[in-house]
Amino acid sequence: MDILQMLDFVGVAVFAATGALAASRKQLDIIGFVFLASLTGIGGGTVRDLILGQTPVFWIANSAYLAVCVAVAVLLYFTAPLFEYRYRLLLWLDAAGLAAYCAMGAAKGLAAGAPPLAAVVTGVMTATFGGILRDVVSGEASVLLRREIYVTAALAGASLHVALTLAGAGTALAAAIAVAAAFAVRGGALRFGWALPGYRHLPGRPAGKALPAEGATARTSARDAADRRDLR
């Protein structure tokens, strides 16, 4: 097994675990666990392969990827109650999956003959799309919309991998440095709240924020409070 395939399996397994943890927070049955784990585990890689024109996509060509998703889902169905702060664990596992997948996605883009900028994009999409799908389907607050750095971490890792590869570094070395950098950026964002400056409206211009529906404010506040407890 080469470094790229190893990163592929690691990314699938870790993202599948985050999908299963999201299912545990929604108290789904074992089929729900398998569905969310598989959707999250193979979602980003599927988009990558379709964009690069690599068909059949990776999990159809090699069913071991689906087997990993199912195994992780079943394992966490029985062990998720052992974890007290499952949302915090979900975020840290998501950071690990993002780090592995941004390097592997960029490497696959280069291997498919994509130009450097396109390879960076495939790395970012591979690393982030599965988590976005997980949050949309499970009704969680999307990691994409959190204040902390998320896509930027994937962008940093994918860009670093492409730059090092073009500079002549070996695949294993480029991947190791890119994974470490992406995880450090995302981990720092989770630990210290790193965030890029947000857009600010000009003075005197209304923000244009829509009024929440009746009861939505209370539900949102309750969810935010629960998430803050989990992140302690």
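Bear in mind these aren't lab numbers, they're just calculated from the coordinates by the rules spelled out. Bear in mind the structure is a predicted one, so any value in this text is a computation, not a measurement. Don't worry about glycine lacking a Cβ; one is built from the backbone with ideal geometry, like all the others, and counts go over all protein chains shown.
Before moving on, here are some points about what is shown:
- Mean separation of Cα contacts under 8 Å (6+ apart) over length of the chain, as relative contact order %: 22
- Comparing Ala111, Ala181, Ala20 in a Gaussian network model of the chain where C-alpha atoms under 10 Å apart are linked, the largest mean-square fluctuation is found at Ala111.
- Near-label residues of the stretch 34-55 by backbone N, under 13 Å of a point 7 Å along Cα→Cβ of Val136: 40, 43-44, 47
- Cβ-based exposure ranking for Thr152, Thr128, Thr55, Thr18, in which fewest neighbours within 10 Å come first: Thr55, Thr152, Thr128, Thr18
- Each of Arg134, Arg191 has some number of other Cβ atoms within 10 Å of its Cβ, and from fewest to most they run Arg191, Arg134.
- Distance from the Cα centroid of the stretch 18-40 to that of the stretch 126-191 is 22 Å (rounded to whole angstrom).
- Based on alpha-carbon atoms, the Kirkwood radius and the radius of gyration of the chain give Rg/Rh equal to 1.00.
- Long hydrophobic helices in the chain, taken as whole DSSP H segments with a C-alpha length of 20 Å or more on their own axis and mean Kyte-Doolittle hydropathy at least -0.5: 3-25, 30-52, 64-79, 86-111, 116-138, 151-166, 171-192.
- The order of Lys26, Lys108, going from fewest to most other C-beta atoms within 10 Å of their C-beta, is Lys26, Lys108.
- If R0 equals 35 Å, the separation of the Cβ atoms of Leu89 and Leu196 corresponds to a calculated FRET efficiency of about 0.90.
- Only helices enter this figure: runs of n ≥ 4 DSSP H residues, each worth -39500 (n - 2.57), summed and divided by the residues of the chain, yield -25000 deg cm²/dmol at 222 nm to the nearest 500.
- The magnitude of the dipole of the chain, with charges of +1 and -1 set on the Cβ of Lys/Arg and Asp/Glu and taken from the Cα centre, is near 760 debye.
- Each residue, Gln54 and Phe78, gets one label point 7 Å from its Cα in the Cβ direction; the gap between the two is 3.4 nm.
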